[in-house]
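> The structure is given below, and queries will be raised subsequently.
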Amino acid sequence: MARIDRKTDRRRTGACVTTSSVPPPSLATAAGGLLLPPPLLRRSSTPSLLRSVASRTRLTRTLCFCSVRAFSGDSGMAAGLLEQRAVVVTETVKLTEKEERIFQRLLDVVRHFGLGTQLRVAGGWVRDKLLGKDPADIDIALDNMTGQNFCEKVNEYSELMGEEQKKIGVIQRNPDQSKHLETSRMQIFNIEIDFVNLRSEKYAENSRIPTVELGTVKEDAYRRDLTINSLFFNINNNSVEDLTGRGINDLKKGLIVTPLPAKATFLDDPLRVLRAIRFAARFNFILAEDLKEAASDEKVKSKLGSKISRERIGDEIKLMMSGKHPVKAMHYIRDLALFDAVFTLPKKSDPPAFKKCDWCCVSNMEAAWNLAYSSGCSVFRGGSDPMLQRRLCLYSALFAPLRNMFYLDKRSKKVRATSYIIRDSLKSKGCDPKMVAEIDDACGEFAELVLLFESNVGVGSLKEQLEDEYLEIPTDSVKRVFAGLTLRKIKDLWRLALFVSILSYPEVENAGDILKQQDELQHRKEKYLRVEHSITDLDLDGVWELPLLDGEIIMGVMQVKSGPLIGQWWQLAHPKGTMDECIELMKQSQLK
């Protein structure tokens, strides 16, 4: 623990708090398969980084830990590039003006009422500050009272200051959501702060729900999942506290380590295996060897299936898919032999799971990630939520090799195994299961559409399928009609369905290996862009939002039992046509 007096101009720079001395930069390497040729390595930018940071404030020192490692799935870059990067860990916690005000108010409360409380910001906030990131949450750990009692003191002090008292929210214990101790929440200067007392945890053999007791700050640090999440910022004396003795060092090394022995940690709470993978992927760090060995242990994998709810597993996977390095996370899950425990298949699938399906699935997702970013990410542009589009794309690509596997549900209905994984294995909430199923179902039609646009294959047979006794479609309109009908069904997911179909068809053996070949990836990228442009050139993007011709009027005039599809076909073939023109043309066709 190191200290520094708060002498800087708070209005300009905030408080700067030192931690430890700066060791010389070092170099770490991690082996990994390469998908793309590595770029030329540049000289380390450590000196310039040190100069630029030092120039901002005399009290700030920076450690630049350079590493060269193979990685998968960096945002904006294809997976597999050999990347030279630097883990930059500042030697200070720099407070914003708002944080200064909040912390000063908390200290005023402690001093006014003589509480003698040590106030510490816990976990992720400290980690992110040292990494130079903007933390999202402030969690305050208290050493001698509950969060609710302290919040009541804050309100009492606010009243003395003539300020409005704030509502105190109490978040009850919820072990299923990893809330093992009651937490109190209130707003201070319009920022929500969580308050909880320091604690220790002890686990029973067959439960991930611990017995929780009040604890010391050291016990609280050691009960945390990872050393990089065990750091505290002591508000009382303006210092970063590293009670495990290695949290800052592991942060500098880009290393994911548990404070206590990894196997015991994972047997206590197997969800921490997935949390370790998620943080490794999030920060592009590497897992410690003993951690990997523990995560691969058969007993740990068994506990992951028996002690952890599927909802919690699904939440962790969703966070991985939404992170910066989702492919790296899936690589870890595959390489640690956790794929079957995380993505469970139905008991009786037809056909059964094939050999090395985990490798095939992850390779397919890796190819999708590379292809999407090499295509300029246009595949994620559909709809109003690009992050949702990206997540759906990754799920669809990950499970595409399993699309021909089915099972019978309780009503003896034939259902895709991929739907089971999303809905039952991961317990995905919201629209994810439905949308992934829609993308799967549409892939076959989009494969036909690609052939139609690329080589006019099937124009004649499609023309016969689309026509009926009431309507004759001009040959030059077949593409627009078929594409329009296909897009009407899938709506703003059409780019994803097109993308996954191009990734998956034609179906070949060893698809994962083939998609690692750069000429093949380039070929599929060009095909995707050509077909996407063809569809947009036909002015079909958004065609599902166009008002339809009234099917009931068509049925009444034509005296037929079905009319809506007739109206859609004609409308797509004659985008500027009117209802009257449509009916007149159908009358002529009927006379013929």
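> Please list the three semi-axes, largest first and in whole Å, of the ellipsoid equivalent to the stretch 113-160, using sqrt of 5 times the eigenvalues of its alpha carbon gyration tensor. Display every interim value, and only then the final one.
Working: eigenvalues 131, 30, 14 Å².
Semi-axes, largest first: 26, 12, 8 Å.
> Extension gain LYS347-LYS489, at 0.36 nm per residue separation less the Cα-Cα distance, in nm? Could you put the intermediate results ahead of the total?
Numbers: separation 142, 0.36 × 142 = 51.12 nm, distance 3.15 nm.
Using 0.36 nm per residue and subtracting the Cα-Cα distance, I get 48.0 nm.
> How long are the three semi-axes of the equivalent ellipsoid of the stretch 208-260, in whole Å, if each is the root of 5 times an eigenvalue of the C-alpha gyration tensor, listed from largest down? List each step's numbers first, then the result.
Working: eigenvalues 74, 57, 9 Å².
Each semi-axis is √(5λ); the values are 19, 17, 7 Å.
> How large is the convex hull of the C-alpha atoms of the stretch 86-259 per residue, in Å³?
Working: hull volume 20.2 nm³, N = 174.
Expressed per residue, the convex hull around the Cα atoms of the stretch 86-259 is 116 Å³.
> Let's test the formula: R0 of 30 Å, r as the Cβ-Cβ distance of GLU311 and ASN404. What FRET efficiency results, to the nearest 0.05?
On the way: r = 28 Å, r/R0 = 0.94.
Taking R0 as 30 Å, the efficiency between GLU311 and ASN404 is 0.60.
> First obtain the Kirkwood hydrodynamic radius of the stretch 261-342 from its Cα pairs, then insert it into the Stokes-Einstein equation at 25 °C and 0.890 mPa s, and state the resulting D in µm² per second as a whole number. Write out the running numbers ahead of the final one.
Working: Rh = 12.3 Å.
This corresponds to a translational diffusion coefficient of 199 µm²/s.
> Please calculate the 1.4 Å probe accessible area of THR265, with all protein chains present, and give it to the nearest 10 Å².
THR265 has an accessible surface of roughly 10 Å² with all protein chains in place.
> What FRET efficiency comes out for the pair ILE191/ARG411, r = Cβ-Cβ distance, R0 = 56 Å, nearest 0.05? Please list the in-between numbers first.
Values: r = 50 Å, r/R0 = 0.90.
Efficiency for this residue pair is about 0.65.
> Counting only Cα, what are the radius of gyration and maximum Cα-Cα distance Dmax of the stretch 317-424, in Å?
14.4, 43
> Oh, and also: Can you tally the net charge around SER374? Count Lys and Arg as +1, Asp and Glu as -1, for every other residue whose Cβ sits under 11 Å from the Cβ of SER374. Show your work: numbers first, answer last.
On the way: positive: ARG524, LYS525; negative: GLU526.
Neighbourhood net charge equals +1.
> Counting alpha carbon pairs within less than 8 Å and at least 6 residues apart, what relative contact order, in whole percent, applies to the stretch 86-259? If you can, show how the numbers build up before the last one.
Working: 309 pairs, mean separation 39.6, N = 174.
Normalised by residue count, the contact order of the stretch 86-259 is 23 percent.
> What is the spin-label model distance, in nm, from GLU159 to SER384 if the labels are put 7 Å beyond Cα along the C-beta direction?
Taking the simple label geometry, GLU159 and SER384 are separated by 4.3 nm.
> Using a Cα-Cα cut-off of under 23 Å, which lysines could be cross-linked to LYS587, ignoring same-chain neighbours fewer than 8 residues away?
LYS463, LYS561, LYS576
> Could you pull out the pairs from LYS202/LYS252; LYS98/LYS324; LYS479/LYS527; LYS491/LYS525 whose alpha carbons sit more than 20 Å apart here?
Working: LYS202/LYS252 30 Å; LYS98/LYS324 28 Å; LYS479/LYS527 17 Å; LYS491/LYS525 22 Å.
Violating the 20 Å limit, Cα to Cα: LYS202/LYS252; LYS98/LYS324; LYS491/LYS525.
> Hey, another quick one. Peptides 307-317, 395-405, 343-353: what's the order by average Cβ count within 10 Å, highest mean first?
Details: 307-317: 18.8, 395-405: 23.5, 343-353: 14.1.
Final packing ranking: 395-405, 307-317, 343-353.
> A further question on this structure: Where does the stretch 242-295 land on Rg(C-alpha)/(2.2 N^0.38 Å)? Please list the in-between numbers first.
Values: Rg = 10.5 Å, N = 54, 2.2 N^0.38 = 10.0 Å.
Dividing the Cα radius of gyration by 2.2 N^0.38 Å gives 1.05.
> Which order do PHE279, PHE406 take when ranked by solvent-accessible area (1.4 Å probe, heavy atoms of all protein chains), largest first?
Values: PHE279 10, PHE406 50 Å².
Largest to smallest exposure gives the sequence PHE406, PHE279.
> Under 18 Å from a point placed 7 Å out from the Cα of SER200 along the Cα-to-Cβ direction: which residues of the stretch 119-143 have their backbone N that close?
142-143
The values are calculated or read from the model by the stated rules, or taken from the named source; none is laboratory data. Note that the structure is a prediction, hence the values are computed from the model and not measured. When we count neighbours, we look across all protein chains shown, and the Cβ atoms used for this are built from the backbone with ideal geometry, even at glycine. Just the protein is used for accessible areas: all its heavy atoms, side chains included, with ligands, DNA and RNA removed. Shrake-Rupley method; radii C 1.70, N 1.55, O 1.52, S 1.80 Å.
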